[in-house]
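Contents: one structure, followed by commentary.
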């Protein structure tokens, strides 16, 4: 499938506007025209994180399936889990178009979408329709751009999807909603985590099921902010971190036509920066808090590097734009091959082997 995509699919899709191409890919997955990939049932790839049993550590990151239209189709591509959203209480159109830009030479994308989605109610109907099916599907929640109570928007997301989500991601790290990243400041984070986790705990008692909550942070934070986040996390029953979202940095890019576009940069150029932040946070939060590593994952080698730097699980998105829908199955297959070749019983045994090395590196300018 990958070779066919490289020869035909990518050329055709890249003739389209990036946002139109994305929409077409979602519609294609909804029709089932993309062949399902045989799942890799390799016990060595199973990972238990935050009370959930993941069949493999590779997930689809939020941002692709913004409206919870195709989580099961994504799982059939070989992903061990899929994350939908970001979902806001009310529908919103997002920022003006054009707002997605390919940087082909860098295998990267800049986007300034701005949490465009159909809102809680539409996604609730879709997720309700798949209730009872197998597969881990996380729900990424956010705040409306014009909300007067952003913390309340996150609380509303927990309440709305509690019976449907395998886990939640509290996304406070998108650079495309003005002021959203301010919630990463310690006092704001204290209020957010306090209220979100309080309602989660309330619903856990009522339902008898405790849904994990992850916090997604930016890759552009200085060490002092990492210290503050780690200190605040230690005071709350958070289940894990997702590191990281897109970056505002533009260092080392080959592309000259789109590099100056505003928005968040994702893809291969983010790998080093996000992995350094991952390792630094692993040092700060210790060994017990789960971390999902995101940013520049485009191969089994990149996935393993993230895990060795401190990640329990990994997610991708942008690399599938460049390598096609066969990428997740290929990565999972290659992960199995690496473990067999190196005599590793379980992929979790790779975690943290290179944390100190990555944490000592200088973040790119």
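Just so it is clear, none of the values below were taken in a lab; they were calculated from the coordinates. In this text the structure is predicted, and so the values were computed from the model without any measurement. Methodologically, a virtual Cβ is constructed for each residue, glycine included, from the backbone with ideal geometry; neighbour enumeration extends over all protein chains shown.
Remarks
- Here the spin labels are modelled as points 7 Å beyond Cα on the Cα-Cβ line, and at residue 224 and residue 365 they lie 2.1 nm apart.
- Gaussian network model of the chain, springs between alpha carbon atoms under 10 Å - residue of 60, 320, 307 with greatest fluctuation: 320
- Three-way shape call for the stretch 242-365 based on the alpha-carbon gyration tensor, with the a/c threshold at 1.5: oblate
- Residues of the stretch 70-85 falling in the label zone of residue 30, defined by backbone nitrogen less than 19 Å from a point 7 Å along Cα to beta-carbon, are 70-77, 83-85.
- Using the Cβ-Cβ distance between residue 187 and residue 53 with R0 set to 45 Å, the FRET efficiency works out to roughly 0.80.
- Unit Cα scatterers, Debye sum, the stretch 288-345: log10 I(q)/I(0) for q = 0.30 Å⁻¹: -1.25
- For the chain, the square roots a ≥ b ≥ c of the C-alpha gyration tensor eigenvalues yield an a/c under 1.5, which makes the shape rounded.
- Put simply, the convex hull of the Cα atoms in the stretch 1-154 casts, on average, a shadow of 11.0 nm².
- Under 14 Å from a label point set 7 Å out along the Cα-to-Cβ vector of residue 41, the amide N atoms of the stretch 47-77 belong to 55-56.
- As a calculated quantity, the FRET efficiency between residue 202 and residue 146 at R0 = 25 Å, using C-beta atoms, amounts to about 0.35.
- Each label was represented as a point 7 Å from its Cα along the Cα-to-Cβ direction; for residue 195 and residue 287 these points are 3.7 nm apart.
- Model label zone, residue 163; criterion: amide N under 20 Å from point 7 Å along Cα-to-beta-carbon; scope the stretch 80-103: 89
- Antiparallel beta bridges, as assigned by DSSP with both residues in the chain, represent about 30 percent of the total such bridges.
- Highest mean first, the peptides 336-348, 111-123 sorted by other C-beta atoms within 10 Å per residue fall in the order 111-123, 336-348.
- A straight chain from residue 72 to residue 90 at 0.36 nm per residue would run longer than the Cα-Cα distance by 4.1 nm.
- Segment residue 17-residue 231, length gained on full extension (0.36 nm per residue, minus Cα span): 72.7 nm
- Summarising the label geometry, the points placed 7 Å from Cα in the beta-carbon direction at residue 346 and residue 134 lie 2.0 nm from one another.
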